[in-house]
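To keep things clear, I will list the structure first and then write my remarks on it.
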Amino acid sequence: MRHEVELLGHGRHRPCGPCTEIFYDHGPGIEGGPPGSPNEDGDRYVEIWNLVFMQYDRSADGKLTAASKPSVDTGMGLERIAAVMQGVHSNYDIDLFASSSLPPQSTRAPATSRRARCASRGSHPRQVRS
């Protein structure tokens, strides 16, 4: 597991700070390794919650200054908690989605890594500060 301080923020010129993530382990019967390992893209460990301690403002040139109003940005995926509580390994298999008109599992696109999901939202998930 990594032990660096990571600065997570949304966009290049925004509040940011160190983050922590809470993962659920589906157990050894599911493929994948712990976050930060070469096998992290498997489904065994699923991020269900995160906290970003917004301590800094990042300027356009990347300089960090103390935030005028430090805060905590927290988020939990309701569909992820539902999957854990219902004992399924895919968000699409929870009861809410199972009763909808989503296509069957075999026709859905494969899951993407957390890095790819963050990139698609325009955030940079791993801005490491030494």
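Contact list please: Cβ distance under 6 Å, first residue in region 9-31 and within 13 Å of R44 (Cα to Cα), second residue at pLDDT 90 or above and of a type in the set (S, T, Y), pairs at least six apart or on different chains.
Matching pairs, first to second residue: F23/Y45; D25/Y45.
Being among the polar types (S, T, N, Q) and modelled with pLDDT under 50 is the filter here, so list the residues in region 74-111 that pass it.
In the first step, residues of region 74-111 are kept if they are among the polar types (S, T, N, Q); the result is 74, 86, 90-91, 99-101, 105-107.
S106, T107, listed by residue number.
Return the residues of region 34-92 that are without any contact (Cβ under 8 Å) to a residue 12 or more places away in the chain and among the charged types (D, E, K, R); say none if nothing qualifies.
Within region 34-92, D61, K63, K69 meet the criteria.
Take the residues of region 30-67 that are among the hydroxyl-bearing types (S, T, Y) and at pLDDT 90 or above: which is surrounded by the fewest Cβ atoms within 10 Å (Cβ to Cβ)?
T65
Which ones in region 68-93 are part of a strand (DSSP E or B) and surrounded by 14 or more Cβ atoms within 10 Å (Cβ to Cβ)?
Kept after step one, since they are part of a strand (DSSP E or B), are these residues of region 68-93: 68-76.
Hit for region 68-93 is D73, nothing else.
For region 11-22, which residues satisfy the criterion of being of a type in the set (A, V, I, L, M, F, W, C) and surrounded by 16 or more Cβ atoms within 10 Å (Cβ to Cβ)?
C16, C19
The values are calculated or read from the model by the stated rules, or taken from the named source; none is laboratory data. This one's a predicted model, so the numbers in the text were calculated from it and none came from an experiment. Positions of Cβ are backbone-derived with ideal geometry, glycine not excepted, and every protein chain shown enters the neighbour counts.
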